[in-house]
Amino acid sequence: MLRIIHSLPQGFMDAAAVDLCSVVPGPSLIHLSGRRPEPLFVSVLLHGNETTGLATVQRLLKKYRDQELPRALSLFVGNVEAARQGVRRLAGQPDFNRIWSGGDSAEQIMAQQVLHEMQKRQVFACVDIHNNTGLNPHYAIISHLDYRHFQIATLFGRTVVYATTPVTTCNYAFAGTCPAVTLESGLPGQTQGEDHVFEYLEACMRLTKMPGSPVAAHDMDLFHTVATVKIPERLSFSFTDPDAAIRLIPDIDRLNFCEVAAGTLLAELRPGSGAYLEVWDENGNDAQERYFTQADDQVRTACAVMPSMLTMREDIIRMDCLCYLMERMDWQQHMRV
């Protein structure tokens, strides 16, 4: 399933995401040499409709078309079949960012091949580039608390999210081998997001080593993902349909990265439907009562929380989740323990 290529395929630099399957017909790992041999690993199109990663890598490669890259680059191009249709994943496909913890499927075996290949090459760092579909700031996600991960994350910006679930992500898989980060770069196709990621990749390529010293307190706002909120598969939901079992509030994505007070309305429930929102903590335990109250056919926050990844896209909610819940984390105190 995995193609390993040692030169850039013809037409790669100019292909749009929807046309990329004619250049690389399946998941591909492209190794390009550079002045420093330990490669920067960059993954793009793990979700087929998140195109900023591809656009920025193409821009980087065009800049160095006639000169040596500052560092070797290993580029993993993921779900080109979904990209052709402009969707996150095709029906019947696994999520390409949920296949990295091992398993027997073709996609899981492929992910382990990528990881082992990069370990053999002494990978310098892992950068997994994503977009999202709601109103979110640009931010970086890490799965390990140490200064190397802090440094690679704050190179993107001061907003950093520490998340240990799901353990099936590319970021989590690589974090045991090298500093690893997921970039959330806003909506796809936005110039601001592409410029930001391009500048970040350039900075990573020019690093001679990964700093291991402490970051300054004022350089990072760290948030800890403490729970995942999902809509049960058997329940209908909508933003507008009054007959849906769960009717989410309009413009719910305006709550992303806002410290939402206890008692904030999130959804109204159809009377007699038995509807509810699932909430799972980091250990997979039911945490519904800790974070939400349910009375008078309404779901409200039970405590102050900060949501992320809320979106108005019903298809994305169904494929993934409604949102994550975060709490501000005193990382300096953690590092002193």
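Please treat every number below as a calculation from the coordinates, not as lab data. This is a predicted model, so every value here is computed, not measured. Methodologically, a virtual Cβ is constructed for each residue, glycine included, from the backbone with ideal geometry; neighbour enumeration extends over all protein chains shown.
Would you check if there is a residue in the stretch 66-76 being without any contact (Cβ under 8 Å) to a residue 40 or more places away in the chain and among the charged types (D, E, K, R)?
yes
From the list 71, 65, pick out the single residue that is surrounded by fewer than 23 Cβ atoms within 10 Å (Cβ to Cβ) and outside any loop (DSSP other than H, G, I, E, B).
On inspection, the qualifying residue turns out to be 71.
Can you tell me how many residues within the stretch 1-21 are surrounded by fewer than 15 Cβ atoms within 10 Å (Cβ to Cβ), free of Cβ contacts under 8 Å to residues at least 60 places away in the same chain and part of a helix (DSSP H, G or I)?
1
List the pairs whose first member sits in the stretch 310-328 and is closer than 13 Å to residue 253 by Cα, whose second member is among the acidic types (Asp, Glu), and whose Cβ atoms are under 8 Å apart, counting only residues at least 6 apart or on separate chains?
Filtered contacts from the stretch 310-328: 310/253; 311/253; 312/251; 312/253.
Would you pick out the residues in the stretch 22-46 that are surrounded by fewer than 19 Cβ atoms within 10 Å (Cβ to Cβ) and either in a helix (DSSP H, G or I) or of a type in the set (Phe, Trp, Tyr) (or both)?
Result: 22, single match.
Out of all the residues in the stretch 261-278, is one or more within 30 Å of residue 149 (Cα to Cα) and touching a residue at least 40 places away in the same chain (Cβ under 8 Å)?
Within the stretch 261-278, not a single residue is within 30 Å of residue 149 (Cα to Cα) and touching a residue at least 40 places away in the same chain (Cβ under 8 Å).
Looking at the structure I just gave you, is residue 229 free of Cβ contacts under 8 Å to residues at least 60 places away in the same chain, outside any loop (DSSP other than H, G, I, E, B), of a type in the set (Val, Ile, Thr) and within 29 Å of residue 140 (Cα to Cα)?
For residue 229, the condition - free of Cβ contacts under 8 Å to residues at least 60 places away in the same chain, outside any loop (DSSP other than H, G, I, E, B), of a type in the set (Val, Ile, Thr) and within 29 Å of residue 140 (Cα to Cα) - is not met.
Suppose we keep only residues that are more than 21 Å from residue 244 (Cα to Cα) and of a type in the set (D, E, K, R) within the stretch 265-308. Which one would you say is surrounded by the most Cβ atoms within 10 Å (Cβ to Cβ)?
Of everything passing the filter in the stretch 265-308, 281 is surrounded by the most Cβ atoms within 10 Å (Cβ to Cβ).
If a residue has to be assigned to a loop (DSSP other than H, G, I, E, B), in contact (Cβ under 8 Å) with a residue 12 or more places away in the chain and not β-branched (Val, Ile, Thr) to count, how many in the stretch 92-126 make the cut?
Of the residues in the stretch 92-126, 11 are assigned to a loop (DSSP other than H, G, I, E, B), in contact (Cβ under 8 Å) with a residue 12 or more places away in the chain and not β-branched (Val, Ile, Thr).
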